[in-house]
Amino acid sequence: MSMKWLIVPMFAAVSLCSHAQRDVVVIDMETKVPVGSVVVTLDDANFSQLMTDYKGGVTIPAGVDSLIFGHPGYETLCLRTDELTDTLELLRKYRALSEVVIYGSMPQMGFSLAGSLQKMYDEMRATPRPTPLATFDFFSIFGSKKRKKTRERIEAIENY
């Protein structure tokens, strides 16, 4: 009999302690998608900060008076415990410019194909052509005269 009277108060105490904690889910106000990594700042000295999991869930301990929910992409939400609901919606931060001024000039209308080709030709003529120091020809391997000239070129380059 005495065991029965011990178990009932124990279950009552456990249920009161678990009831004091609150599970909260933080979601996006527009898309209704859970927001993870939201920092929850508590005014209680024992638990200074909590963070939501990837599903947006966080357990708020008992004895907290006010909460601050913050995330870099969302507006900060400050609540008292009596205002707390099971699902909280965070509003996205939108940064908008009030006025944009664009300066420019009108493009020239008209295109001369002959003028463009002449410009390209002049640029090609002004650009120096690279001359290789030594060349390689596959069939010159089989000619002794070519090998002799190639050897002389290599010696001339080395002595230069």
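Every read-out reported here was derived from the displayed coordinates using simple, explicitly stated rules and does not represent laboratory data. Bear in mind that the values here come from a model prediction, so they are computed numbers and not experimental data. Neighbour counts are summed over all protein chains in view; Cβ atoms, including those assigned to glycine, are modelled from backbone coordinates with ideal geometry.
Structure values in brief
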item	result
Cα-based convex hull, the range 76-137, per residue volume (Å³, whole number)	437
Per-residue HN-Hα couplings for the range 35-40 [Karplus 6.51, -1.76, 1.60; θ = phi - 60°; Hz; x = Gly/Pro]	10, x, 6, 8, 7, 10
In nm, spacing of pseudo-spin labels at residue 98 and residue 31 (7 Å Cα→C-beta vector)	3.1
Sorted peptide list for 118-129, 62-73, 91-102, criterion being average Cβ within 10 angstrom, highest first	62-73, 118-129, 91-102
Estimated FRET transfer efficiency when R0 is 30 angstrom, pair residue 114-residue 135 (beta carbons, to 0.05)	0.25
Percentage relative contact order, the range 60-132, counting C-alpha pairs under 8 Å, at least six apart	18
Pairwise Cα inverse-distance average, inverted: Kirkwood Rh of the range 36-121 (Å)	17.6
